[in-house]
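Structure first, commentary second.
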Ligand code: SAM
């Protein structure tokens, strides 16, 4: 039999999956949790089968679920059938998804990035909010950007909350992490424009002359883009604030920039 049934909330596999809610648990295993058949489908389309496929006892038959079962086993993964209370406990919410997957994390090394493979890339300095990061990964995918580079002390892109906000795009774009120093020396070889975003910039976001591939730098939610990184940009731009708000939410500003820079390319 290729599938085993788990009914105990204290089962070791259940405990191990629940530990993926904590950074410590994710770092120890190099894995993360993705919830829902849509996510599993996105992963399979990118050639990423789950290590562990958890299927609720009441999960409805679906062709994608059949495919997930087949590809999980083919890749050497495991399938477990679990009860509804276990799904609730693992996902930590009411009305949990009935299919969950545990996947290996995949960070792309900075020097493996091929800048010309996309018209734009996004770099984030010290992003702190997992919902913002997940939304940015999703937006980068939607706008056709190659990936998201995390500079300095950023929130974990593989936290359950960040992954949820990606809506599956976590499997579609490159995710890199780097220090400020490593980023600055790598940036020196960037073939296109490096565009910073600052509230004190004097150039409008549609006025700058951009050479593709563009590298768009976004700052931290509270502190903004630091002087050090802004100074490393070819140009810093501002999105006009026409009302009383003094800034845009980071993910919204990234979306505006990603589309402005990739439009018509
Ligand atoms: N108090 C922070 C500051 O002074 O920059 C606000 C940070 S804002 C919430 C987060 C990031 O979103 C900024 O660092 C910048 O990258 C981007 N951003 C938000 N509004 C922007 C705007 N109007 N023009 C350019 N970038 C903006």
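In this structure, does residue 187 turn out to be over 30 Å from residue 37 (Cβ atoms), buried (at least 17 other Cβ atoms within 10 Å of the Cβ) and at pLDDT 95 or above?
yes
Any idea which residue in region 116-148 is nearest to the chain's Cα centre (by Cα), counting only those that are more than 21 Å from residue 43 (Cα to Cα) and surrounded by fewer than 17 Cβ atoms within 10 Å (Cβ to Cβ)?
If we take residues in region 116-148 being more than 21 Å from residue 43 (Cα to Cα) and surrounded by fewer than 17 Cβ atoms within 10 Å (Cβ to Cβ), then 128 is nearest to the chain's Cα centre (by Cα).
Can you tell me which of 56, 77 is touching a residue at least 40 places away in the same chain (Cβ under 8 Å) and within 15 Å of residue 33 (Cβ to Cβ)?
Selected residue: 56, the only one of 56, 77 that is touching a residue at least 40 places away in the same chain (Cβ under 8 Å) and within 15 Å of residue 33 (Cβ to Cβ).
Condition (residue is in the same structural domain as residue 158 (by TED's automatic domain parsing), part of a helix (DSSP H, G or I) and out of contact with any helix residue (DSSP H, G or I) (no Cβ under 8 Å at 6 or more places or on another chain)) applied to region 81-91: is it met by at least one residue?
Within region 81-91 (the criterion being in the same structural domain as residue 158 (by TED's automatic domain parsing), part of a helix (DSSP H, G or I) and out of contact with any helix residue (DSSP H, G or I) (no Cβ under 8 Å at 6 or more places or on another chain)), the answer is no, since none of the residues qualifies.
What number of residues within region 96-109 satisfy the criterion of being part of a loop (DSSP other than H, G, I, E, B), more than 18 Å from the chain's Cα centre (by Cα) and closer than 30 Å to residue 154 by Cβ?
Number of matching residues: 2.
Restricted to region 189-205, and to residues that are within 12 Å of the ligand (Cβ to nearest atom) and in contact (Cβ under 8 Å) with a residue 40 or more places away in the chain, which residue is farthest from residue 249 (Cα to Cα)?
In this case the residue turns out to be 195.
Which residue, of 252, 239, is surrounded by 14 or more Cβ atoms within 10 Å (Cβ to Cβ), free of Cβ contacts under 8 Å to residues at least 12 places away in the same chain and more than 22 Å from residue 117 (Cα to Cα)?
None of the other options fit; the residue is 252.
What number of residues within region 223-233 satisfy the criterion of being surrounded by fewer than 17 Cβ atoms within 10 Å (Cβ to Cβ) and more than 9 Å from the ligand (Cβ to nearest atom)?
Number of matching residues: 3.
Take the residues in region 234-253 that are within 7 Å of the ligand (Cβ to nearest atom) and assigned to a helix (DSSP H, G or I), then tell me which one is farthest from residue 192 (Cα to Cα).
Top of the filtered list is 250.
Consider residue 106 carefully, then state whether it is out of contact with any strand residue (DSSP E or B) (no Cβ under 8 Å at 6 or more places or on another chain) and surrounded by 13 or more Cβ atoms within 10 Å (Cβ to Cβ).
no
Residues checked against (1) within 13 Å of residue 122 (Cβ to Cβ); (2) assigned by TED's automatic domain parsing to the domain that holds residue 27; (3) within 15 Å of the ligand (Cβ to nearest atom); (4) under 23 Å from the mean Cα position of the chain (by Cα):
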{"position": "150", "(1), (2), (3), (4)": "yes, no, yes, yes"}
{"position": "163", "(1), (2), (3), (4)": "no, no, no, yes"}
{"position": "169", "(1), (2), (3), (4)": "yes, no, no, yes"}
{"position": "175", "(1), (2), (3), (4)": "yes, no, no, yes"}
{"position": "181", "(1), (2), (3), (4)": "no, no, no, yes"}
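Can you pull out the residues in region 36-63 that are closer than 18 Å to residue 172 by Cα and touching a helix residue (DSSP H, G or I) at 6+ places or on another chain (Cβ under 6 Å)?
Result: 37, 40, 41, 42, 43, 44, 46, 48, 49, 50.
Hey, which of the helices (runs of 4 or more DSSP H) in region 7-79, taking only ones fully inside, have at least 2 residues that are under 23 Å from the mean Cα position of the chain (by Cα) and surrounded by fewer than 18 Cβ atoms within 10 Å (Cβ to Cβ)?
Helices (runs of 4 or more DSSP H) meeting the threshold: 12-18, 23-29, 37-45.
The values are calculated or read from the model by the stated rules, or taken from the named source; none is laboratory data. Computed from a prediction, not measured in an experiment: that's the story for all the values here. When we count neighbours, we look across all protein chains shown, and the Cβ atoms used for this are built from the backbone with ideal geometry, even at glycine.
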